[in-house]
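Here's the structure we're looking at; comments come further down.
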Ligand code: SF4
């Protein structure tokens, strides 16, 4: 394996030399962010190759107004909020879900939407709201759980839907005037569901190479080599170098279920604002499970902390060490923005794996 | 959050299955991988199987996860145990 890694490194170096300018490749998956650091890939990249972390961490791109709505729901009497653990510490306007729990809210951390449904079955006297966050890897789990709740007529279960779609976010980034990206390392497990063909518009309409890659060191490096190959030859098409689990058309069953339960809708992203058709609303048949409707919760505005530069980090405009708070006021123990809260957030990954950048942050 | 982990199917009953995930038995909903059979491998995420995966690819991934666990994948894995733990959370459904 090391031999193969060495060959890939040599090829990457050679191609980057041939390109002879800064190459900017964006990954849009929190798991890639962490894996690229953990495996040491980041530290072996050629000097002119920049691997930028885009809006790939579902927790980080969840808008503050959504956290506020979740906190409003958690503060209602007789409501249990069930959530993936990553959401607990994300700051809203007035605190986090974790702080709400300290004030007495009934919050349950679950690792599957099915668990949330089970809590509803076990507590018929309470209302259970599940926080539906995540990209297409995760949204089929929510959709199937809603189907099951509908089939079994579980009246006290609902979902605060904030699922997001990867490709519309990539398009929105490319439509920003000042965004220079040479290609995308596309997320492996999102692609299991949506299929590699989903990136075809990025390659054809925007002329950006898209390569779907896995998460092991050799898989990541291989994807980066394929990207530089396309960049060197001025080509742009979709390549799938993670064929063990990713197909061209994705998981047809999961896509059918998504289309049955949800309809595409505009949704708001932290830092990116409202992106047309980049999320899901419940289809009319399933709107009875919409927590916002059921509890008449109003979704407000975002008031992001002006000193936190998470927005620019999510857009790949700055690296975390360029934020004055990085490593000083803002650490994983005292996170100020969502990019430091989530273990897959770019700021948290930098803090954990890039000590030298922290020193730079402290100097600036 | 989008990490899915390979697991071997141990038993099936309707849309439910029990899988072996790195030595742990978990109940997983199999509805997204119709036609899957006992002894085959699937990728598991948030309590659901989301794709079939060939045994050799699954074993290779677990080889990598275990090497991380032992700290010898690249010599750079300071927190491999955490990675394996988080893979389990990523995959976990209803723990048995
Ligand atoms: S270091 Fe903290 S404050 Fe700065 S951008 Fe990252 S999360 Fe925000």
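The values are calculated or read from the model by the stated rules, or taken from the named source; none is laboratory data. Since the model is a prediction, treat every value here as computed from it, not as a measurement. Quick reminder, even Gly has a Cβ in these numbers, built from the backbone with ideal geometry, and neighbours come from all protein chains shown.
Some points to look at:
- Condition met for residue A:272 (in the same structural domain as residue A:354 (by TED's automatic domain parsing) and within 16 Å of the ligand (Cβ to nearest atom)): no
- Any hit, segment A:29-42, residues being outside the structural domain of residue A:352 (by TED's automatic domain parsing) and part of a strand (DSSP E or B): no
- Here residue A:327 passes the criteria (1) surrounded by fewer than 21 Cβ atoms within 10 Å (Cβ to Cβ); (2) at pLDDT 90 or above; (3) more than 23 Å from residue A:84 (Cα to Cα) except the one numbered (1).
- Note on segment B:1-25: residues that are over 23 Å from residue A:34 (Cβ atoms) and either assigned to a strand (DSSP E or B) or within 10 Å of chain A (Cβ to nearest Cβ) (or both) total 13.
- Considering residues of segment A:322-334 that are touching a residue at least 12 places away in the same chain (Cβ under 8 Å) and more than 6 Å from the ligand (Cβ to nearest atom) only, the residue nearest to residue A:96 (Cα to Cα): A:332
- Of the residues making up segment A:121-131, none is within 14 Å of chain B (Cβ to nearest Cβ), outside any helix (DSSP H, G or I), under 23 Å from the mean Cα position of the chain (by Cα) and modelled with pLDDT under 95.
- Selection of segment B:41-65 for residues being closer than 18 Å to residue A:142 by Cβ and within 8 Å of chain A (Cβ to nearest Cβ) yields B:43, B:45, B:46, B:47, B:48, B:50, B:51.
- Just one of the listed residues (A:311, A:300, A:279) is surrounded by fewer than 22 Cβ atoms within 10 Å (Cβ to Cβ) and in contact with a helix residue (DSSP H, G or I) (Cβ under 9 Å, 6 or more places away or on another chain), and it is A:300.
- Look at (1) away from every other protein chain (no Cβ under 14 Å); (2) more than 16 Å from the ligand (Cβ to nearest atom); (3) surrounded by 21 or more Cβ atoms within 10 Å (Cβ to Cβ) and you find that residue A:265 fails only one, number (3).
- Checked against (1) out of contact with any strand residue (DSSP E or B) (no Cβ under 8 Å at 6 or more places or on another chain); (2) surrounded by fewer than 23 Cβ atoms within 10 Å (Cβ to Cβ); (3) within 14 Å of chain B (Cβ to nearest Cβ), residue A:248 passes all but condition (1).
- Residue A:348 being more than 9 Å from the ligand (Cβ to nearest atom) and surrounded by 15 or more Cβ atoms within 10 Å (Cβ to Cβ): no
- Test: residue in segment A:251-259 that is more than 12 Å from chain B (Cβ to nearest Cβ), buried (at least 17 other Cβ atoms within 10 Å of the Cβ) and under 22 Å from the mean Cα position of the chain (by Cα): no
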